[in-house]
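The values are calculated or read from the model by the stated rules, or taken from the named source; none is laboratory data. Model, not experiment: these values are computed from the prediction. Virtual Cβ from ideal backbone geometry, glycine too; neighbours counted across all protein chains shown.
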């Protein structure tokens, strides 16, 4: 059953069928008040016809096509995203290097055996 129908916006349906998509209050009342007899055929029943056992899941919304490599190279959003990731990695690497250097400096200043490099002098 997949692919047997095509989703259309109301405006596109009205243009394709040359019909008005709205019903007047009289048309709605006439449809609701019409009795359904047991001998109507499925064509007369409209949407209340025979149940179909096939199931098709519909996911609405806008779909995006995959961009080719050439299109990705010139896409501004791709450049912004990749530049942001690069800068974040650069900042993280610099922070780790600074912490490693600070740790080494603190360890050197707090090492025992040297008389003037005690904890009190380091903190003061």
For residues that are under 30 Å from residue 60 (Cβ atoms), in a helix (DSSP H, G or I) and modelled with pLDDT of 85 or more, tally how many sit in the range 21-31. 3
Restricting to the range 32-49, name every residue that is assigned to a loop (DSSP other than H, G, I, E, B) and either modelled with pLDDT of 75 or more or farther than 24 Å from residue 8 by Cα (or both). 34, 35, 36, 37, 38, 39, 40, 41
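Could you please find all residues in the range 1-20 being under 32 Å from the mean Cα position of the chain (by Cα) and either at pLDDT 85 or above or surrounded by 10 or more Cβ atoms within 10 Å (Cβ to Cβ) (or both)? Before the answer, list the steps.
Narrowing the range 1-20 to residues under 32 Å from the mean Cα position of the chain (by Cα): 1-16.
8, 12, 13, 14, 15, 16, listed by residue number.
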Filter result for residue 56 (within 30 Å of residue 3 (Cα to Cα), surrounded by 10 or more Cβ atoms within 10 Å (Cβ to Cβ) and touching a residue at least 12 places away in the same chain (Cβ under 8 Å)): yes
If a residue must be out of contact with any helix residue (DSSP H, G or I) (no Cβ under 9 Å at 6 or more places or on another chain) and either more than 30 Å from residue 6 (Cβ to Cβ) or surrounded by 10 or more Cβ atoms within 10 Å (Cβ to Cβ) (or both), how many such residues does the range 72-86 contain? 10
Any pair with Cβ under 8 angstrom, 6 or more apart, that starts in the range 77-100 at a residue that is free of Cβ contacts under 8 Å to residues at least 60 places away in the same chain and ends at one that is part of a helix (DSSP H, G or I) and surrounded by 10 or more Cβ atoms within 10 Å (Cβ to Cβ): 78/72
